[in-house]
Every structure is written in structure tokens, then in C-alpha cells.
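Since the structure comes first, as C-alpha cells, the remarks are kept for the end.
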Amino acid sequence: MLRSLVGSEMCIRDSQIGRRHLSLFHLTGIKLVAVVDPSEGASSLAREHGVPLYTELHQLMEAKTRGEIQVDGAILATPNNMHAEGAITCAKHGVPAMIEKPVASSLLAAEHMLQELTRYKVPMLVGHHRRHSAAMSAAMETIASGRLGRIVSVSGHAQFYKPEHYFTDGPWRTKKGGGPVLINVIHDIDNMRALCGEVTEVQAISSNAVRGYDVEDTVVVNLKFSSGCLGSLTLSDTATGPMSWEQTSGENKDYGRDTTVDCYFVAGTRAALAIPTMRIWSNPGEESNWFKPLQVETLEVEEVNPLECQLLHFCELIRGIVEPKASVTSAMESLRVVDGILEAMRTGRTVSMRPHSRL
């Protein structure tokens with residue numbers, strides 16, 4: 001098993017996801033060897049686990065170079081604007097890293113990071129943990145098998161109600177850069193890319209009519225994929241209802257769950273698939289026909305913890321057994337689409353992006 005992994009929690013604001021990863025180490029054979037965090041609360045975490053504390057990542061890497069500590073991998077559970085710098089530092093010292101999503105705070109930062117990482121050839125994984133979901137994996141396999149025929153459309157929903165204390169606890173969420181497009185939609189865009197391929201055009205319209213903050217609270221997005229498939233995504237953090245990944249998949253127990261509802265619907269020429277209930281509708285026989293009754297089948301999917309699966313995948317990536325399910329290049333394309341959504345919201349125009357190969 002992986003002998004040592006450094007859990008990097010450089011900012012107390014982001015310690016929640018770092019601690020979630022840490023809570024799963026005992027299930028994956030990973031040993032924590034250090035904590036990197038400049039905050040006051042980090043010392044108690046380091047003492048609790050009997051490991052050294054470093055205030056800066058470069059200090060840990062210097063200790064590694066001197067042979068004072070063995071580090072096989074790092075988890076960069078840091079603020080977005082520190083992702084690129086942290087990944088580059090790890091790469092320079094030959095340490096594979098799992099970078100929390102989004103891959104960087106901007107496309108420019110992501111492009112610089114990718115340019116630097118290509119110099120070192122060190123394995124990197126981005127924490128788009130839904131790529132490790134059993135439902136998402138089954139959906140991707142079903143689509144790839146051709147069972148749905150040619151994919152013609154996809155619809156997604158990310159609708160939930162964030163309580164007022166979410167904004168009073170973090171006033172930055174009411175200002176530019178703190179809206180649900182940057183915070184939440186990156187997950188759904190990555191899922192839709194995984195299901196349907198690369199996005200070539202984006203349209204979006206937004207509203208802040210409910211809360212009146214400087215950021216959007218409701219957005220409707222139209223997408224065109226390189227295959228010709230069309231998609232739509234509705235987002236609102238002021239909508240009471242179950243249609244979001246958290247409330248339908250049940251993968252994060254912090255949220256209530258409705259097992260009867262889906263948040264994605266993929267339609268093909270031969271069949272349609274609802275996710276995450278994994279129901280498939282199709283016509284019996286060879287020919288699809290809306291005059292014929294549809295038969296419904298539910299695919300059996302074993303429930304797993306995607307964060308645990310992600311850690312196991314990271315261990316295999318470090319050993320050179322697998323390629324990353326969420327590479328830096330792929331994560332950068334999800335960020336590019338989100339950037340296009342923001343531009344479309346701002347300008348009211350269709351935003352075109354160059355076509356990319358499936359990553």
C-alpha cells in the first residue's frame with residue numbers, strides 16, 4: 001500500500017474537505033506523514049495524528065530533499081488561488097498531487113500550471129470526485145456501449161436552497177466570484193462533459209431577482225457539444241426541491257436524499273437514461289417508435305463512497321498502474337466551459353469554444 005501521503009490543508013476555510021479525505025485514510029491504507037497549514041488550528045490536527053507541521057509547502061519539500069521525511073503524494077485541499085502554485089511545487093520535487101477542484105482560480109493560472117507540469121512528468125489528479133461515482137461510471141459505460149444509440153440531448157439540474165447563514169458566514173459569496181456558477185456548476189459541467197463529450201458553444205441567462213446580491217442566484221445554460229448533441233442546465237441556489245446531485249445521489253450524507261428523482265437525463269436515438277436512478281427507457285425490438293409503449297429497466301449499481309474510490313485511484317496513479325480519471329487537462333476544459341458561461345451571462349451572446357478531443 002502507499003506508505004505515506006501528506007494531507008495539505010493550507011487554509012482553515014478549506015479544512016473541511018481536507019479532514020473528509022483524512023477520515024478515509026484508514027480505509028485506503030494511506031499513512032498521514034505531515035500537515036501543511038499556516039493557520040493556528042493546524043497544530044492541533046498535527047498533534048492529534050503525531051505528525052510534523054509545516055506552515056509552507058516548500059518547507060516540507062525541502063525536508064524531503066534532505067531525507068528527513070518520506071512523501072509519496074500530496075493532497076492540495078487549499079484555496080483555489082493556491083492550486084496552481086502548490087501543484088507546480090509538488091511537481092518540481094517529484095511528488096504526485098491530488099488537486100482540489102476547480103483545478104485553478106482562472107484559465108490563465110490553469111494554462112500556466114499545465115505548461116509547467118509538462119516539464120516534470122509527475123502524475124497529477126484533480127479532485128472531480130464525481131468521476132469516481134458508481135452511478136456516473138455506470139452511466140458513462142452505458143453510453144459508451146452504444147446502448148442509447150446516438151446521444152441527441154442531455155438535461156441537467158442543480159437546484160437547491162442555500163440558507164441565509166451560508167451568506168452571512170461567508171459574505172464573499174454575495175460578491176463577484178462567489179456565485180453558484182463558480183462554486184457549484186463546475187461539478188455539473190464536468191459530469192456533462194464526461195457523459196457527452198466536449199462543449200463547443202455556450203449560451204446563458206442569469207437572474208439575481210430573489211436575493212439581489214451582486215452575484216447570480218438562478219441561471220439557465222444551453223450547451224452544444226462537438227458531437228452535435230445539445231444540452232441544458234438549470235441552476236438555482238434559491239429553489240426548494242430535490243433536483244441536484246447531492247440530493248439525488250445520496251453520496252454525501254450531509255444532505256437529505258430523494259431516491260425517486262434524477263438530476264440528469266440523457267436521450268439517445270435508441271434509449272434514454274436517467275441519472276442517478278439509472279432507469280433506461282427503450283422500445284422493445286429493433287425500431288424506436290413513439291407509438292409503441294416503452295419498457296423501463298433499472299440498472300443495478302452498487303453504492304460506493306466516491307471520495308474513498310478517488311483516494312484508492314490516486315494511490316494507483318502514484319504507482320503508475322492507471323491514468324487519471326480527472327486529469328489537469330480535462331479539468332481545465334471544465335473550467336473553460338464555466339468561463340464561457342460567465343462570459344455568456346455578461347454579454348448575452350453565444351460563446352464559441354474550439355473543439356477538443358475527448359479527455
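The values are calculated or read from the model by the stated rules, or taken from the named source; none is laboratory data. These numbers come from a predicted model, not from an experiment. Please note: Cβ atoms are built from the backbone with ideal geometry, for glycine as well, and neighbour counts cover all protein chains shown. With ligands, DNA and RNA removed, areas are computed over all heavy atoms of the protein, side chains included. Shrake-Rupley method; radii C 1.70, N 1.55, O 1.52, S 1.80 Å.
Summary table
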{"read-out": "Descending Cα extents along the principal axes, the range 251-291, whole Å", "value": "44, 14, 13"}
{"read-out": "Mean residue ellipticity (222 nm) of the chain, computed from DSSP H runs ≥ 4 via -39,500 (n - 2.57), nearest 500", "value": "-9500 deg cm²/dmol"}
{"read-out": "Coordinate range along principal axes, alpha carbons of the chain, Å, largest first", "value": "72, 46, 39"}
{"read-out": "Under 27 Å from Lys325, Cα to Cα: lysines that are on another chain or at least 8 residues apart", "value": "Lys31, Lys92, Lys101, Lys121, Lys224, Lys253"}
{"read-out": "Mean projected area in nm² (Cα convex hull; one quarter of hull surface) for the range 304-351", "value": "4.6"}
{"read-out": "Probe 1.4 Å, protein heavy atoms only - accessible area per residue of the chain in square angstrom", "value": "47"}
{"read-out": "Per-q log10 I(q)/I(0), the range 126-225, q = 0.14, 0.19, 0.22 Å⁻¹ (Debye; single scatterer per alpha-carbon; no solvent)", "value": "-0.66, -1.02, -1.20"}
{"read-out": "Using alpha-carbon coordinates, inclination of helix 306-318 to the longest axis of the chain, degrees", "value": "60"}
{"read-out": "Virtual spin-label span in nm between Gln115 and Arg20, 7 Å along Cα→Cβ", "value": "3.3"}
{"read-out": "Kirkwood Rh in Å, taken over the range 217-359 so that all alpha-carbon pairs contribute", "value": "18.5"}
{"read-out": "Percentage relative contact order, the range 65-185, counting C-alpha pairs under 8 Å, at least six apart", "value": "18"}
{"read-out": "Calculated on alpha-carbon atoms, Rg and Dmax of the range 165-301 in Å", "value": "17.6, 57"}
{"read-out": "Dimensionless Rg ratio for the range 101-161, taking C-alpha atoms and the 2.2 N^0.38 Å reference", "value": "1.58"}
{"read-out": "Rough spin-label spacing in nm, given labels placed 7 Å along Cα→Cβ, for Ser155 and Arg211", "value": "2.6"}
{"read-out": "Alpha-carbon Rg/Rh ratio, for the range 146-203, with Rh computed the Kirkwood way", "value": "1.12"}
{"read-out": "Sequence-separation-based contact order of the chain, relative, with Cα cut under 8 Å and 6+ spacing, percent", "value": "18"}
{"read-out": "Heavy-atom accessible area order for Trp290, Trp281, Trp172, largest first, 1.4 Å probe", "value": "Trp290, Trp172, Trp281"}
{"read-out": "Global size of the range 201-267 as Cα Rg and Dmax, reported in angstrom", "value": "14.2, 38"}
{"read-out": "DSSP beta bridges in the chain [antiparallel fraction, %, rounded to 5]", "value": "60"}
{"read-out": "Rg ratio (alpha-carbon, reference 2.2 N^0.38 Å) - the range 18-151", "value": "1.23"}
{"read-out": "Kirkwood-Stokes translational diffusion coefficient of the range 179-230, alpha-carbon pairs, 10 °C, 1.306 mPa s, µm²/s", "value": "132"}
{"read-out": "Apportionment of accessible area to carbon and sulfur, the chain, percent (1.4 Å)", "value": "51"}
{"read-out": "Helix 107-117 axis, angle to the chain major axis (alpha carbon atoms, nearest 10°)", "value": "60"}
{"read-out": "Cα long-axis angle, helix 186-196 against the chain (0 to 90 degrees, to the nearest 10)", "value": "50"}
{"read-out": "Dipole axis of the range 118-273 (+1 Lys, Arg; -1 Asp, Glu on Cβ), positive-most option in Ser206, Ser226, Thr168", "value": "Ser226"}
